[in-house]
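What follows is a single structure, written as C-alpha cells, with notes after it.
Derivation of every value follows stated rules applied to the coordinates shown; laboratory data play no part. The shown structure was predicted, so the numbers you read here are calculated from the model rather than taken from an experiment. Don't worry about glycine lacking a Cβ; one is built from the backbone with ideal geometry, like all the others, and counts go over all protein chains shown.
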Amino acid sequence: MTIKEREQEIINEFELFDDWMDKYNYIIELGKSVPSIPAEYKVEKYLISGCQASVWLHARYENGKVYFSAESDALITKGIVALLIRVLSGQPPRDIIDAELDFINRIGLKEHLSQTRANGLLNMIRQMKLYALAFQRTETGKHTQHD
Amino acid sequence: MSLQHDNIRKEFPILQREVNGRPLVYLDNAATTQKPRAVMERLRIYYEQENSNIHRGAHYLSQQATVAYEKARETVKGFINAGSPQEVIFTRGTTEAINLVANSFCKKFVMPGDEVLISAMEHHSNIVPWQIACQEREAFLKVIPMNEAGELDMEGCRDLLNKKTKIVAVTHVSNALGTVNPVREIIDLAHEKSIPVLIDGAQATPHFPVDVQALDCDFYCFSGHKVYGPMGVGVLYGKEEWLNSMPPYQGGGEMIREVSFSKTTYSELPFKFEAGTPNVADVLGMETALLFIKGLGQQQIAAYEDDLLNYAISQLGALDKIRFVGTAGQRAGVVSFVFDDIHPYDTGTILDKLGIAVRTGHHCAQPIMDFFKIPGTVRASLGLYNTRQEIDLLVHGLARVREMFA
C-alpha cells in the first residue's frame, strides 16, 4: 500500500468514532499495543526530546525501503507514533520525504503536532524525513560509484 | 472566606467562555492569571484618551500620562510597602527584573572567584541570568539544597553563606511545588554576613500581602500578569543604596541626564533603570489590578485560597496512585502531582478535552524534576476566582483519566 492509501485507511477507521472519548480510547489502546522499542535503541542517541513527552526513534534501510520503530513515554503520543509508523514504515525514501501526512489533520489530532504541545511528535516527523533523506543520499552515492 | 464568588467571577469575562464544548475550568494561574474587566477598561481608556509619551512633552496629554504613570509607581510602593517610589523600577516582568540585577549588580560587585547563591527550587528565570553573570565574572553559582518534601535545607543555606558570597537569590514561593520559603530567615542569615538578598516574588504577590521593609530584602521582583494585570510589565524593588551604587542596565532615552559623544551622565532613580519609552498602558493596567486585589482584601484572598488549596489536596489525595510532588508544610497557590502509572502529558491532554486548564511538564524548573526523577508534573494552580466546584470537576476529570489509562 502507498502512503496515501494507508492514510486513507486510517481516516476511514477514525470515521467510525462518535466522540473524542472513543477516539482517544482507541489511540491509548494503540499506544499500549505497540511493541516496545528494543532496549539498545532506547538511549540518548535515538531520543527526540520534546518539552513534555519524549520519543525514541530508530530507522533501518533494507531493500530500498525504510523501516521505523519508535516509542514514547506518554501513551497518547505513543499511539500517534504508532499511526505514523503504520503510514511511513516500509516505504521508499522518496515517498517518505514527500509525504504530507494530511491524515493527522483529517482525524482531528493536529493539535498534538503544534509547537506549543512540544511532545516531540513534530520533531519526530522531521527526523523520519531526515532519515529517509540520508538513506536516499547513500543510495544515490552507491549508484554514482557503480556508474 | 468572605469573597463573594458569584460577583467576583462576573468581573472576569473569560471565565464565562467554553473550551472544547465545556465551561472553562481555569487552574493555570501560576502561568498567568485572568484579567478583571477593570484592568481591560483601564487599558482602553488610556489608549482612547490619555496616550502620549511621558516625561518628555510639555503638552497636556504628556503631563497627564506622566502624572498617571508616577501615581502608579506610588501605588506599587504602597502594595509592597517600599520605602520610597524611587525604589520601584518598572520592568517587562520578573524575568527582566532579575536580569537587570544579575547584570548590573554582578558587573559592579562580583569578582573572579566570588559566589552567587540560589536555591534548588528556582524557576529558570532565577537560574540562567545568574549563570550568565557568573560566567562573565568568572564566579561560581552555588545552590541551597532541598529535601524530599520540597523544603529548603536551612542548615545547608547557613553553610553555603561565606565571605565569597556576593548575593543570594531565592524564590518566595516555588512555581512548581508551591513551597513558601522562609525568606525572612534566609535574609537574616545573609545580612549577618552583609550579603544582599533578591527575592523572586512572582508566585507570592498573587496570593498574600508582601511587605518588603518587614522582610528587609534588598531586591524583590514580581510580574503584573500574575497578579491579574496585563502581560509585559513587572516590578523590581531595590533598596535605594543598592540601586544608586549599581551601573545602568540598558542605555537609551529617559535614563540620561546629559549626553555628549564623549560622556553621558545618568538620571536619578528610578529613571536610571528605565531606558526607552516605558510600557505606560500596562503599568496603569497593573496598577488597576493591584487596586482590585487590595479592594477585595489580600488577607481575605490569602485565607480563601488557603482553604481552597487544602480542599484540593484532600480531595485529590483520595485518587488512586496519586503522588504529590512538593509536600512542604507551608504552601501557596499550587498543587503539583503525578500518577505513578500515567504520564503527565496524557493526563493534561484528557483534562484539556474536558475544558480543564492545568499545566503539565517541567514548569520551567527542570532541576526540580531531575531532583524528583520525574519527567514533569501535573500542576493545578489557584486564583482568587476558583471555587470548590471547580476542584470537584478537576477530581472527576482525573478519575476519568484513571479509567482511560489504567
Exercise for the section: Evaluate E = 1/(1 + (r/R0)^6) for residue B:314 and residue B:400, where r is the Cβ-Cβ distance and R0 equals 22 Å; express this FRET efficiency to the nearest 0.05. Expected result: 0.65
Practice task
Report, to the nearest 10°, how far helix B:94-109 tilts away from the longest principal axis of the Cα atoms in chain B, using its own Cα long axis and a range of 0 to 90°.
Solution key: 40 degrees
Practice task
Determine the percent antiparallel among the DSSP beta bridges restricted to the protein assembly as shown, to the nearest 5.
Solution key: 70 percent
Exercise for the section: Sequence neighbours fewer than 8 away in the same chain don't count; with that in mind, list the aspartates and glutamates whose C-alpha is under 16 Å from residue B:294. Expected result: B:11, B:74, B:211, B:305
Problem - Whole-number D in µm²/s for the range A:3-142 (Stokes-Einstein; Kirkwood sum over Cα pairs; 4 °C, 1.567 mPa s) - result: 84 µm²/s
Completion exercise
Across B:331, B:22, B:379, the residue with the highest GNM fluctuation in chain B (Cα network, 10 Å cutoff) is B:22
Handout entry: Degrees between helix A:20-33 axis and first principal axis of chain A (Cα, 0 to 90, nearest 10)
Key = 50 degrees
Fill in the blank from the handout: Under the helix-only model (-39500 (n - 2.57) for each DSSP H run of 4 or more, divided by the residues of chain A), the mean residue ellipticity at 222 nm, to 500 deg cm²/dmol, is -16500 deg cm²/dmol
Completion exercise
With Cα coordinates, the longest principal axis of chain A makes an angle with the long axis of helix A:75-88, in degrees rounded to 10, of 40 degrees
Problem - Extension gain, residue B:45 back to residue B:299 (0.36 nm per residue minus Cα-Cα distance, nm) - result: 88.4 nm
Practice task
Can you tell me the relative contact order of the range B:40-294? Whole percent, Cα pairs under 8 Å, sequence separation 6 or more.
Solution key: 23 percent
Practice task
Let me know the volume per residue of the alpha-carbon convex hull for the range B:40-294, in Å³.
Solution key: 118 Å³
Practice task
Among the listed pairs A:32/A:110; A:4/A:78; A:32/B:353; B:226/B:373; A:42/A:65; B:164/B:373, give every one whose C-alpha distance is greater than 30 Å.
Solution key: B:164/B:373
Exercise for the section: Kindly provide the GluC sites (Glu not before Pro) of the range B:232-275 that DSSP labels as loop, not H, G, I, E or B, and whose Cβ sees at most 15 other Cβ atoms within 10 Å. Expected result: B:268
Completion exercise
Note to self, chain B gives a 222 nm [θ] from helices alone (DSSP H runs n ≥ 4, -39500 (n - 2.57) apiece, / all residues, nearest 500) of -12000 deg cm²/dmol
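Tell me, in nm to one decimal, what length is gained between residue B:84 and residue B:216 on full extension, where the rule is 0.36 nm per residue of separation less the Cα-Cα distance? Before the final figure, lay out each step's value.
On the way: separation 132, 0.36 × 132 = 47.52 nm, distance 1.40 nm.
Full extension from residue B:84 to residue B:216 adds 46.1 nm.
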Exercise for the section: Please give the net charge around residue B:268, taking every other residue with its beta carbon less than 13 angstrom from that of residue B:268, where Lys and Arg add +1 and Asp and Glu add -1. Expected result: -3
Exercise for the section: Springs between alpha-carbon atoms under 10 Å, Gaussian network over chain B: tell me which of B:238, B:333, B:113 tops the mean-square fluctuations. Expected result: B:113
Exercise for the section: Using a Förster distance of 56 angstrom, determine the FRET efficiency expected from the C-beta separation of residue A:18 and residue B:277, and round it to 0.05. Expected result: 0.55
Exercise for the section: Can you bin the range B:183-310 into rounded, prolate or oblate? Criterion: square roots of the alpha carbon gyration tensor eigenvalues sorted a ≥ b ≥ c, rounded for a/c under 1.5, prolate for a/b above b/c, oblate for the rest. Expected result: oblate
Handout entry: Net dipole in debye of the range B:40-294 [+1 Lys, Arg Cβ; -1 Asp, Glu Cβ; about Cα centre; nearest 20]
Key = 560 debye
Exercise for the section: Identify all lysines with a Cα-Cα distance to residue B:163 below 22 Å; exclude those on the same chain that are fewer than 8 residues away in sequence. Expected result: B:107, B:108, B:142, B:193, B:239
Fill in the blank from the handout: Rh_Kirkwood(the protein assembly as shown) over Cα pairs, Å, one decimal, evaluates to 26.1 Å
Practice task
Can you pull the one-decimal nm distance between simple spin-label points at residue B:263 and residue A:139, each 7 Å off the Cα toward Cβ?
Solution key: 7.3 nm
Problem - Signed unit charges on C-beta, dipole axis of the range A:1-139, positive-most listed residue A:25, A:133, A:54 - result: A:133
Fill in the blank from the handout: The farthest towards the positive end of the charge dipole of the range B:40-294, of the residues B:45, B:62, B:131, given +1 on Cβ of Lys and Arg and -1 on Cβ of Asp and Glu, is B:62
